[in-house]
Amino acid sequence: MKPLNNPNFNFYPNILILGFGFVLLIWLFSTNVSKAFFTITPIKGWNTIDPDVTTNGNTLRALTLLQTKKGYLTPTTPLPSLVFNKPSNYYGKYLQFSGNIKSVQPFSPTSKLESITIGSSSEIIVLANDGRTIIDFFLIGRNQNFSLGAPITFYGYSPGIRYVQTAQGLVTPGLVLIGSLQR
């Protein structure tokens, strides 16, 4: 068999491209760049950079703490506005808040949070006792009858903030708390 002679084929640039590709592959597999580039690793611990619960991944962490830390826990009672302004300072801390109920609705069966909780659950919008902080409280594991304007004390973990629609139709940021009505 006779080798093909193509006068238009320049072998030198092709060797350079293959050599460069080979060196690049060796470098990628010998460093951690390949792991970071080709895989998405989950965040360990709380995401303290992004306060938005719809994107930060902290909701599952708060639910896990709520489910695993059973029994009597001593809650921290900070000012709601402090937690709202810097929620990452309170991640993983069992919190207690009080306020007045502004809105109550059961979780939708198609809600992401409903799909990972056990039992029936409710979303309660509360105006905290400081008179200015909105708390979006996710009551896990029970559905009760609540009266609008009634006082409420609740406990749980905050995964951050999210935007809440008020009864007047305004969208405002609210502190999220996932928890229960008892210690």
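Observations
- Condition check for THR48: assigned to a loop (DSSP other than H, G, I, E, B), of a type outside the set (Asp, Glu), touching a residue at least 24 places away in the same chain (Cβ under 8 Å) and open to solvent by 40 Å² or more (accessible area, probe 1.4 Å): yes
- Of all residues in region 97-131, those satisfying the criterion of being touching a Phe, Trp or Tyr at 6+ places or on another chain (Cβ under 9 Å), open to solvent by 40 Å² or more (accessible area, probe 1.4 Å) and at pLDDT 80 or above are VAL104, ASN129.
- Odd one out for THR55, checked against (1) farther than 19 Å from GLY174 by Cβ; (2) within 13 Å of the chain's Cα centre (by Cα); (3) outside any helix (DSSP H, G or I): (1)
- Count of residues meeting criterion [closer than 22 Å to THR74 by Cβ and outside any loop (DSSP other than H, G, I, E, B)] in region 152-183: 14
- Neighbours by Cβ (under 8 Å, 6+ apart or cross-chain): first from region 151-162, touching a residue at least 24 places away in the same chain (Cβ under 8 Å); second acidic (Asp, Glu) and part of a strand (DSSP E or B): GLY160/ASP52; ILE161/ASP52; ARG162/ASP52; ARG162/ASP136
The values are calculated or read from the model by the stated rules, or taken from the named source; none is laboratory data. Since the model is a prediction, treat every value here as computed from it, not as a measurement. Here the Cβ is made from the backbone with ideal geometry for all residues, glycine too, and neighbour counts use every protein chain on show. Note: areas computed on protein heavy atoms with side chains; ligands, DNA, RNA excluded. Shrake-Rupley method; radii C 1.70, N 1.55, O 1.52, S 1.80 Å.
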